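Working notes for the structure below.
The values are calculated or read from the model by the stated rules, or taken from the named source; none is laboratory data. These figures come from a predicted structure and were not determined experimentally. Backbone-built Cβ (ideal geometry, glycine too); neighbour counts: all protein chains shown. Heads up: the accessible areas ignore ligands, DNA and RNA and are worked out on the full protein's heavy atoms, side chains in. Shrake-Rupley method; radii C 1.70, N 1.55, O 1.52, S 1.80 Å.
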Amino acid sequence: MKKLFSILAVLLISTQVQAVTKVNGAGASFPYPIYSKWFSEYGKLNKDVQFNYQAIGSGGGIRQLIKQTVDFGASDAPMKDKDKKKAAWPVKHIPTVLGAVSVAFNVEVGGTLKLDGQTLADIFMGTITTWNDERIQKLNPGLKLPAKDILIVRRADGSGTTSIFSDYLSTVSKKWEDKIGRGKSLKWPVGIGAKGNDGVTAAVKQTSGAIGYVELAYALKNNLATVALKNKAGEFQKPSVKGVSLSAATLPENASVTASIVDAKGKGVYPISAFTYILLPVKEETTQLKEVKKFLNWALTDGQEMTEELHYAPLPKSLVKRMLKEIK
């Protein structure tokens, strides 16, 4: 009898294991801290579904979605027309949260480092090479800047964070726009490459004199100093949830969800703010796609309450309503 019960128990467990729906996604590392939290919390409420998300960069997420090796993709950069044409079906961009691309650095300056857009562009173009350059000193008259070489750290992989950062630099610097431009992957004139937001964060943290661009949550978690950037109102603003929210508020209510909000007008705005997206295939509804839609409904409602503790900004309520209709 005991042997019979043991066999029945094994069969029951096997049936339960088989009942779990596995959903695979890949893409942006920019939202990984909040996505990781969401998948964990959602899994506690829905034990019959398991999300597996690989933070391989926005470019990788788009490629995997096109190859149909994942159930959904994730990107901070909207898909280009050429990528949309490669997909077997239309793809909806569903914004999930807003975040800030912070400029993190590793050098002792004795206070808050202030930069404007053109000076930042010149640093990443390699035309400003030392921390005590007169153009940086002019913006920071009260700081004692060291005569130390600047080391640029940038993404080595196709990255939505790079797309947002280069969109900002192209907006504020014609020289950058003409010579380097926008995109997930760039022909960088200087610097060393690192993979993912976590890779850039680690390289900046470990290298004295380094400067790089990472999603705010990564900088704060690793206690990295961040630059206060000059916005269109003439204020120097450090990256913050409030500054990101104020940037999002400038987007017209019926504007495209893929519209850029970098260098937005208004007081308190942080100038390198952006949406991040789940890429949702529009096709015959599989079990996995159905579960992705259920998850998105939760993420856009209950999940928004978890955003600020991880240094992301929640979506405007009017946009949430629009997206819930889109998902249906």
- Would you mind putting 72-81, 299-308 in packing order, based on average other-beta-carbon counts within 10 Å, highest first? 72-81, 299-308
- Query: Quick one: net charge of residue 200's neighbours, Cβ under 11 Å, K/R +1, D/E -1?
  - Reply: +1
- Using every pair of alpha-carbon atoms in the range 100-273, split the distances into 10 Å bins beginning at 0 and state the percent of pairs per bin, rounded to integers. 11, 40, 39, 9, 1
- Share antiparallel - DSSP beta bridges, the chain, percent rounded to 5: 60 percent
- Calculated from DSSP helices alone, with each H run of at least 4 adding -39500 (n - 2.57) and the total divided by the residues of the chain, [θ]222 nm to the nearest 500 comes to -12000 deg cm²/dmol
- Message: Report the gain in length on full extension from residue 250 to residue 69: 0.36 nm times residue separation, minus Cα-Cα distance, nm rounded to one decimal.
- Response: 61.5 nm
- What percentage of the solvent-accessible surface of the range 100-273, computed with a 1.4 Å probe over protein heavy atoms, is contributed by carbon and sulfur atoms? 48 percent
- Provide the packing ranking of 318-327, 140-149, 233-242, i.e. peptides ordered by the mean count of other C-beta atoms within 10 Å per residue, highest first. 233-242, 318-327, 140-149
- Once the in-chain neighbours fewer than 8 apart are removed, the lysines whose Cα is under 18 Å from residue 82 read 67, 92, 184
- Förster radius 45 Å - calculated FRET efficiency between residue 267 and residue 325 (Cβ-Cβ, nearest 0.05): 0.90
- Ranked output for segments 204-215, 181-192 by mean other Cβ atoms within 10 Å, highest leading, reads 204-215, 181-192
- Item | residue 305 versus residue 179: modelled label distance in nm, points set 7 Å from Cα along the beta carbon direction | 5.0 nm
- Taking 0.36 nm per residue of separation and subtracting the Cα-Cα distance, what length does fully extending residue 192 through residue 84 add? 35.8 nm
- Message: Please compute the modelled spin-label separation between residue 37 and residue 317, points set 7 Å along Cα→Cβ, answer in nm with one decimal.
- Response: 2.1 nm
- Query: Given a 1.4 Å probe, how much area per residue of the range 234-328 is accessible, in Å²?
  - Reply: 49 Å²
- Task: Work out the FRET efficiency for residue 130 and residue 235 from their Cβ-Cβ distance, taking R0 = 22 Å, and round it to the nearest 0.05.
- Result: 0.25
- Query: Relative to the compact globular guide of 2.2 N^0.38 Å, what is the alpha carbon radius of gyration of the chain, as a ratio?
  - Reply: 1.09
- Quick one: what are the phi-derived ³J(HN,Hα) couplings along the range 119-127, Karplus 6.51/-1.76/1.60 with θ = phi - 60°, whole Hz, x for glycine and proline? 5, 4, 4, 5, 5, 6, 8, x, 8
- Query: Quick one: of the DSSP bridges fully inside the range 100-273, what percent are antiparallel, nearest 5?
  - Reply: 60 percent
